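The structure under discussion appears below in the form of structure tokens.
The values are calculated or read from the model by the stated rules, or taken from the named source; none is laboratory data. Computed from a predicted structure; not experimentally measured. Reconstructed Cβ throughout: ideal geometry from the backbone, glycine too, with neighbour counts over all protein chains shown.
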Amino acid sequence: MSNIKEHSTVIKHRSHLLKKSRDLPIYGLLLPGVLLVIIFHYIPLFGIIIAFKDYNPFAGIIRSEWVGLKNFEFFLMDENFWRVMRNTIEINIMQIVMGFPIPIIFAILLNELWSARLKKITQTISYLPYFISWVVAAGIITSVLSPSTGAINVFIKRFGIAPIHFLAKENYFRPIIIVTGIWKSFGMNAVYYIAAIAAIDTQLYEAAKIDGASKIRQIWHVTLPGIKTMAIVLLVLQVGTLVSIGFEQIFLLYNPLVYEVGDVISTYTYRLGIEQARYSLTTAIGFTQSIVNFILVYTTNRIAKSFAKWSLW
């Protein structure tokens, strides 16, 4: 009897080792990604202590003088910081309010197209801007809005209207940022919703048709509930970056004439950190920004869990 038990134990041990050996190639594929995350995301966390020091590049991180919360106090008392904070939040809120429903609507309309060929062409055209760098996109936008040769100004000149310097006017700059941001990202965001719609059981639509539901009713009672989970995920992630905004877009399109409405935290920290070499101050700003983003993600996730009965964790 004991021999049988020992034999069974040996077999289990060997099967366990065999399973581990089969998993080794998978672990090997995973290893480069893990190393990249550790090197570029975890090891640099040591540099956060710069926020609590008067960092001197010649003295190094360790030997630089400790100043405690002095850097945090400085930017919290700086009126320029609160100006860029207000601009960042306002631009992000407008992008969420205006940009969040557009990919959903586009995905639903695309799903209703009768021609598969037309659907593929439209979808491809919609997400192509996502793969264009902001350097190229900014060049296109600047050319289109140019006061001398831009397509829009050439058109309005025909009606006797004076050329408009769109990128130099405060009342035009924010709408340009919001519209171009939506134009560049809505196609890729729609891909997520298209995938979610494709995963919906077609029997639900057939049952709705049998019950006499119109196309609008089918969308309302079948499609929207089917993509609710994806919508919550993307909304939580967007709200989590409420005090962050893409650096490239603003940096490549703004100028001193629109600093009052277009200067955001990322461009502000760039000027302080790169142009003025105030590394401790910019680290403190980035650290505070990360904390606020985490709080926003956590809060939004809890709200989604309470109302939608689903959350990221």
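Details
- Filter pass, residue 83 being of a type outside the set (A, V, I, L, M) and in contact (Cβ under 8 Å) with a residue 40 or more places away in the chain: yes
- Residue in segment 159-172 that is within 27 Å of the chain's Cα centre (by Cα), acidic (Asp, Glu), within 19 Å of residue 243 (Cα to Cα) and assigned by TED's automatic domain parsing to the domain that holds residue 247 present: no
- The helices (runs of 4 or more DSSP H) falling completely within segment 156-236 that include 3 or more residues that are touching a Pro at 6+ places or on another chain (Cβ under 7 Å) map to 170-198.
- Odd one out for residue 238 among (1) in contact (Cβ under 8 Å) with a residue 40 or more places away in the chain; (2) more than 30 Å from residue 137 (Cα to Cα): (2)
- Of note, residue 238 satisfies the criterion of being surrounded by fewer than 19 Cβ atoms within 10 Å (Cβ to Cβ), closer than 18 Å to residue 93 by Cβ, within 17 Å of the chain's Cα centre (by Cα) and assigned by TED's automatic domain parsing to the domain that holds residue 183.
- Residues being surrounded by 10 or more Cβ atoms within 10 Å (Cβ to Cβ), modelled with pLDDT under 90 and of a type in the set (Phe, Trp, Tyr) - total across segment 132-163: 1
- Counted residues, segment 63-79 - those being part of a helix (DSSP H, G or I) and touching a strand residue (DSSP E or B) at 6+ places or on another chain (Cβ under 9 Å): 2
Conditions (1) in contact (Cβ under 8 Å) with a residue 24 or more places away in the chain; (2) among the hydroxyl-bearing types (Ser, Thr, Tyr), marked per residue:
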{"site": "214", "(1), (2)": "no, yes"}
{"site": "227", "(1), (2)": "yes, no"}
{"site": "251", "(1), (2)": "no, no"}
{"site": "259", "(1), (2)": "no, yes"}
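- Positions within segment 178-207 being small (Gly, Ala, Ser), within 20 Å of residue 110 (Cα to Cα) and surrounded by 15 or more Cβ atoms within 10 Å (Cβ to Cβ), in sequence order: 185, 187, 190, 196
- Residue count for segment 248-298, restricted to those that are over 22 Å from residue 56 (Cα atoms) and not in a helix (DSSP H, G or I): 4
- Of the set (1) surrounded by 12 or more Cβ atoms within 10 Å (Cβ to Cβ); (2) modelled with pLDDT under 90, all apply to residue 175 but (2).
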